[in-house]
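Report on the following structure.
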Amino acid sequence: MAGPEYIPPNARSAVNPQTPDRWNRGAWLFRDETLHALEVLLDEAFPIPGTRFRFGIDGIIGLVPGVGDVLAGLLSLVIPLAGWFRGVPYVTLARMAANIAIGVLVGSIPLFGDIFDIAWKANRRNYNLLRLHLVEPHRHTGRDWGFLLLLAGLLAGVFALPVIVFVWLISWLLGR
């Protein structure tokens with residue numbers, strides 16, 4: 001009769017579901033079904049009667065002035081976090097972060113931002129990026145790089161604008 005076989009700690013939960021494995025406790029949160037349900041809840045849970053448009057609690061939370069868009073943005077971080085755990089390339093994670101940032105920044109503009117946030121649907125975009133990567137890991141990297149280059153150009157313009165205005169203002173003041 002052989003003695004008890006050694007089971008490594010990370011394999012115990014697969015062998016005996018009663019034995020908790022601390023690394024897999026939150027695994028249910030990153031399953032496809034849970035992420036899809038989160039995406040629907042945040043972006044598409046409620047139909048607008050008489051139209052084909054839908055919105056989710058992201059649009060409702062965003063109506064709260066000041067903190068609403070930030071809270072909705074924090075909820076939106078679950079999908080990129082799941083992507084990181086599942087091995088999505090960093091360029092795709094950066095694109096997901098940009099989708100959330102655009103939704104939070106533009107969404108913070110009263111009224112217009114709320115309408116934009118409902119139409120932008122960052123969570124649906126991010127969920128689709130995650131699914132696309134898992135099905136065909138290298139298919140969309142060119143598009144991601146193009147998106148990031150465009151975003152980098154826009155950010156460079158945003159950061160350059162105050163410098164240009166400052167230089168113009170100084171030259172105008174010195175000219176007077």
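Structure data summary
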item	result
Among 161, 104, 115 - extreme Cα towards positive end, dipole of segment 33-176, charges at beta-carbon	161
Packing-based ranking, highest mean first, of 151-157, 162-168 given that Cβ atoms within 10 Å are counted	151-157, 162-168
Full-stretch length increase - residue 160, residue 85 - with 0.36 nm per residue and alpha-carbon distance subtracted	23.5 nm
Student exercise, segment 42-121 dipole from Lys, Arg, Asp, Glu Cβ charges, in Debye to nearest 20	260 debye
Estimated dipole of segment 78-147 in Debye, rounded to 20 [Cβ of Lys and Arg +1, of Asp and Glu -1, Cα centre]	220 debye
Measure of compaction for segment 102-176 (Cα Rg per 2.2 N^0.38 Å)	1.66
Pair residue 168, residue 71: separation of 7 Å Cα→Cβ label points (nm)	4.0 nm
Rounded percent of accessible protein surface that carbon and sulfur make up, segment 34-147, 1.4 Å probe	72 percent
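The values are calculated or read from the model by the stated rules, or taken from the named source; none is laboratory data. On a predicted model such as this, the values are computed, not experimentally measured, just so you know. Neighbour counts run over all protein chains shown; Cβ positions are idealised from the backbone, glycine included. Quick note on the areas: whole protein, heavy atoms, side chains included, nothing else; ligands and nucleic acids left out. Shrake-Rupley method; radii C 1.70, N 1.55, O 1.52, S 1.80 Å.
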